[in-house]
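Each value in this text was obtained by applying a stated rule to the coordinates, not by laboratory testing. Model, not experiment: these values are computed from the prediction. Note: ideal-geometry Cβ built from the backbone for every residue, glycine included; neighbour counts use all protein chains shown.
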Amino acid sequence: MSSSQHLISGVIILSTLLGVDAFNGYYEYNVVQCRFSSGDLSDMEYIRSYWFNKAEYIRFNSTVGKHVGYTAYGVYNAELKNNNSALLAQERGEKDRYCKGNAPTFINAILTKKVEPEVRLTMGKASTGGHPAMLVCSAYDFYPKMIRVTWHRDGREVTGDVVSSEELADGDWYYQTHSHLEFTPKAGEKISCVVEHASLREPLEITWDPSMPEPERNKIAIGAAALVLGLIVTAAGFIYYKTKSRGRILVPSG
Ligand SMILES: *[C@@H]1O[C@H](CO)[C@@H](O)[C@H](O)[C@H]1NC(C)=O
Ligand SMILES: *[C@@H]1O[C@H](CO)[C@@H](O)[C@H](O)[C@H]1NC(C)=O
């Protein structure tokens, strides 16, 4: 699987705290972003945003090439900044200097990292009614985001009756995804879930073991034990009753 394309894309963010008025609870800061999605950095964009109390009031966008204000105060100050030729020249150079200069370091440090998914195959409840059974193939804690989950039935890829979720962000750089296969079981068939990911040297195949899953087996064992216990109690009660009633019959005749 080709993984280079999606690996090289990201946003490098440098946040600079400019001023905090802790006493009154105001603070002002600006955030610098280097945004790019191509490995050769040709679409690199340098963005510096000025914020005051959660509202962005000025943005310098390297594609636009000047500052743009969003409030009356922002418009005035954007013009001031644009009138400052030294500042403007400095900002216009940051895309090449700061962003392209640092991107290789960030790409190597973060974006080329790969973490293998943990794959689990479980039995679910069929929902649509078309088929009586459903298998769920879940991949957890992988990075980067792009992954391919497919189903194979007796060696051939299954395309119908498959529902896959998007890659869900766990919020900690890892992702998870779930694929559902609805099917009608056949004796002796082999069903497997195949996961392809940049972290895996070859596709990971997990084959469904149709012997009863653990929880079902436990339920039957508990049920059987309860039945035996019930029979013992019933038998004991019956023997007790028999003994007692025989005794009662014996009393008046004796
Ligand atoms: C920067 O400006 C370009 C051109 O107007 C625009 O396409 C792009 O979305 C802007 N980027 C950001 C992050 O605002
Ligand atoms: C920016 O420069 C222009 C042209 O010199 C001038 O008319 C304008 O008042 C300046 N803006 C500010 C906010 O100083």
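Residues in the range 49-74 that are in contact with a helix residue (DSSP H, G or I) (Cβ under 8 Å, 6 or more places away or on another chain) and outside any strand (DSSP E or B): 62, 65.
Checked against the criterion of being touching a strand residue (DSSP E or B) at 6+ places or on another chain (Cβ under 8 Å), under 30 Å from residue 173 (Cα atoms) and small (Gly, Ala, Ser), the range 74-96 contains not a single residue that satisfies it.
Residues that are free of Cβ contacts under 8 Å to residues at least 60 places away in the same chain and within 30 Å of residue 201 (Cα to Cα) were ranked within the range 66-119; the one that is farthest from ligand 2 (Cβ to nearest atom) is 118. Looking at the structure I just gave you, is residue 199 of a type in the set (S, T, N, Q), closer than 30 Å to residue 112 by Cβ and part of a loop (DSSP other than H, G, I, E, B)? Considered against the rule, which asks whether it is of a type in the set (S, T, N, Q), closer than 30 Å to residue 112 by Cβ and part of a loop (DSSP other than H, G, I, E, B), residue 199 comes out as yes.
All of 108, 83, 102 fail the test of being surrounded by 13 or more Cβ atoms within 10 Å (Cβ to Cβ) and farther than 22 Å from residue 167 by Cβ, apart from 102.
Within the range 37-45, one or more residues are of a type in the set (Asp, Glu), under 32 Å from the mean Cα position of the chain (by Cα), within 22 Å of residue 107 (Cα to Cα) and within 16 Å of ligand 1 (Cβ to nearest atom).
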